[in-house]
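Contents: one structure, followed by commentary.
The values are calculated or read from the model by the stated rules, or taken from the named source; none is laboratory data. A quick note: this is a predicted structure, and the numbers were derived from the prediction, not measured. No Cβ is skipped: glycine too gets one built from the backbone with ideal geometry, and neighbour counts run over all protein chains shown. When the accessible area is computed, the model is the full protein with side chains, heavy atoms only, and any ligands, DNA or RNA have been set aside. Shrake-Rupley method; radii C 1.70, N 1.55, O 1.52, S 1.80 Å.
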Amino acid sequence: MSRAPRLPVAARAVVAHDRRALARLISAVEDRDPSVVPALRALYARTGHARVIGVTGPLGVGKSTLINRLIELLRRRGLTVGVVAIDPSSPFSGGSVLGDRIRIERALGDDGVFLRSMASRGHAGGVAAATREVCRLLDAFGMDIILVETVGSGQVDVEIRDVASTSIVVLVPHLGDEVQTLKAGLFEIAEVFCVNKSDLPGAETAARDLSDLAALGTDRDGWRPTVVSVSAQAGAGLETLWAAVEAHETYLDGDGRRARGERRRLAQEVVGLVRERVGRELGRSVDRDRDLGALLDRVAARAIDPYSAADRLYRELRRSG
Amino acid sequence: MPRAAVPASPIRVLIAKPGLDGHDRGAKVVARALRDAGMEVIYVGLRQTPEDIVRSAIEEDVDLIGLSILSGAHMALLPRVVKLLKSRKASDIPVFAGGIIPDEDARSLRRGGIKAIFGPGASLEEIVATARRLARPSA
């Protein structure tokens with residue numbers, strides 16, 4: 001099967017810039033194929049070079065077009081670029097249409113760029129479950145900058161901040177009044193606000209509202225979000241946007257901020273791996289448990305309560321683990 | 001345990017329109033049907049060169065490539081995709097095509113390695129079933 005690469009070999013192939021080997025390894029990671037772990041282990045020591053930059057915002061604000069422009073800019077500066085573009089999976093069929101290559105394709109002409117489309121596969125939060133690992137593979141492949149495009153995000157889709165060191169929140173004019181900017185969620189995670197379609201009427205107001213928001217305070221790192229107006233279509237404002245991203249990346253390098261952020265993300269990752277494993281084992285133990293049906297019958301009959309039933313399952317899991 | 005809606009390893013398929021004609025409605029309808037059949041469809045749309053198509057297919061690690069072509073340039077463009085796949089050591093990725101392709105050309109294209117060809121009368125069920133069979137021959 002094409003989906004099951006021989007992994008130590010695959011890890012070597014990634015380091016040797018074999019694009020197909022990288023693509024297959026990404027599939028295996030997406031599929032949560034456990035046989036991929038040795039390759040991920042082997043590659044981990046070779047990562048940490050790339051900067052992961054998130055591009056998020058509601059659907060239709062121009063994230064893909066913006067990324068297309070950013071790739072052009074970064075390639076002109078001699079930087080290699082990995083792109084992870086996420087689109088939603090259907091809650092009904094599990095299928096998806098991944099359409100981000102259409103607007104990005106123009107910039108994909110050379111080997112210094114690698115774009116991978118990912119379906120969210122039921123994961124909420126704006127990114128796919130394997131996003132971080134896929135970024136790491138692109139890092140091991142030697143990409144300098146990795147741009148992660150989230151699904152069209154809603155107010156609570158803030159998981160990009162667990163993947164990227166700088167998040168660009170892309171907005172357009174007329175998305176709502178200034179009260180929207182006070183709400184929790186998406187507006188809190190921006191290190192850089194990008195008002196795209198800046199040629200449209202209302203763009204100045206939108207940028208002013210965001211600047212007012214930024215003036216209200218800083219994030220936990222003491223960073224005050226920057227507001228940049230851009231027209232991705234016309235190619236205007238991109239240099240300023242990237243300068244804002246670089247300014248935040250430079251800020252992170254001071255006073256141990258980058259290390260702290262990295263540590264927070266790693267804690268999440270390691271705990272997440274344990275949680276995934278416990279969840280899997282719980283699933284297996286539930287499948288094995290022939291008494292579960294009887295137990296649930298007793299809960300349904302109000303003979304015991306759900307908390308006691310959960311206690312019992314938990315004790316069994318600890319015994320079997 | 002509840003089962004996720006998404007299968008462990010969904011079929012990934014690239015849908016592209018090689019060449020210069022702008023009639024992408026058929027490609028979109030097929031993309032939608034494959035999505036509804038649970039596949040991950042990488043839709044790259046219009047004006048794709050064979051080089052673009054092969055590059056996308058490799059980066060996206062697709063199980064299958066579907067090409068829609070209505071311009072009449074099929075005899076030039078489709079064999080070129082097959083040839084490029086071969087030169088990139090990716091000829092294990094099957095290619096199917098749809099469009100206005102005369103029978104005689106279709107026969108020749110099949111001999112040249114295009115695995116299935118659909119004309120205007122093809123049903124979506126037929127296309128989905130063929131896509132599934134080509135992507136996972138053992139399943």
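Couple of notes before you dig in:
- Filter result (touching a Leu at 6+ places or on another chain (Cβ under 7 Å), more than 17 Å from A:Met143 (Cβ to Cβ) and outside any helix (DSSP H, G or I)) within the stretch A:67-89: A:Asp87
- Residue check, B:Leu46 touching an Asp or Glu at 6+ places or on another chain (Cβ under 9 Å), surrounded by fewer than 22 Cβ atoms within 10 Å (Cβ to Cβ), assigned to a strand (DSSP E or B) and in contact (Cβ under 8 Å) with a residue 24 or more places away in the chain: yes
- Candidate set: the stretch A:10-30, residues that are buried (at least 21 other Cβ atoms within 10 Å of the Cβ) and β-branched (Val, Ile, Thr); chosen: the one farthest from A:Thr80 (Cα to Cα): A:Val29
- Flag for B:Gly98 being small (Gly, Ala, Ser), open to solvent by 10 Å² or more (accessible area, probe 1.4 Å) and closer than 27 Å to A:Ser90 by Cβ: yes
- Residue match in the stretch A:38-47 (condition: within 9 Å of another protein chain (Cβ to nearest Cβ) and touching a residue at least 24 places away in the same chain (Cβ under 8 Å)): no
- The set of residues from the stretch A:43-58 being in a helix (DSSP H, G or I) and open to solvent by less than 60 Å² (accessible area, probe 1.4 Å) comprises just one member, A:Leu43.
- Applying the set (1) buried (at least 22 other Cβ atoms within 10 Å of the Cβ); (2) on the phi < 0 side of the Ramachandran plot to A:Gly126 leaves exactly one unmet item: (2).
- Tally of residues being surrounded by fewer than 20 Cβ atoms within 10 Å (Cβ to Cβ) and under 15 Å from the mean Cα position of the chain (by Cα) across the stretch B:85-95: 3
- Selection status of A:Phe92, in a strand (DSSP E or B) and facing another protein chain (nearest Cβ under 9 Å): no
- Residues in the stretch A:149-186 that are of a type in the set (A, V, I, L, M, F, W, C), part of a helix (DSSP H, G or I) and open to solvent by less than 40 Å² (accessible area, probe 1.4 Å): A:Ile160, A:Leu186.
- Any hit, the stretch B:33-48, residues being more than 9 Å from chain A (Cβ to nearest Cβ) and either among the hydrophobic types (A, V, I, L, M, F, W, C) or over 23 Å from A:Val97 (Cβ atoms) (or both): yes
- Selection of the stretch A:95-113 for residues being surrounded by 24 or more Cβ atoms within 10 Å (Cβ to Cβ), within 25 Å of A:Val14 (Cα to Cα) and within 7 Å of chain B (Cβ to nearest Cβ) yields A:Leu98, A:Arg101.
- Search result, residues across the stretch A:267-288 that are surrounded by fewer than 12 Cβ atoms within 10 Å (Cβ to Cβ) and of a type in the set (A, V, I, L, M, F, W, C): A:Ala267, A:Val270, A:Val271, A:Leu273, A:Val274
- Lone unmet requirement of (1) closer than 15 Å to B:Ala131 by Cβ; (2) at pLDDT 95 or above for B:Gly26: (2)
- Between B:Ala139, B:Ala76, B:Ala122, the distinction of being at pLDDT below 95, part of a helix (DSSP H, G or I) and out of contact with any Pro (no Cβ under 8 Å at 6 or more places or on another chain) belongs to B:Ala76 only.
- Some residue of the stretch A:247-266 being modelled with pLDDT of 90 or more, surrounded by 13 or more Cβ atoms within 10 Å (Cβ to Cβ) and among the acidic types (Asp, Glu): yes
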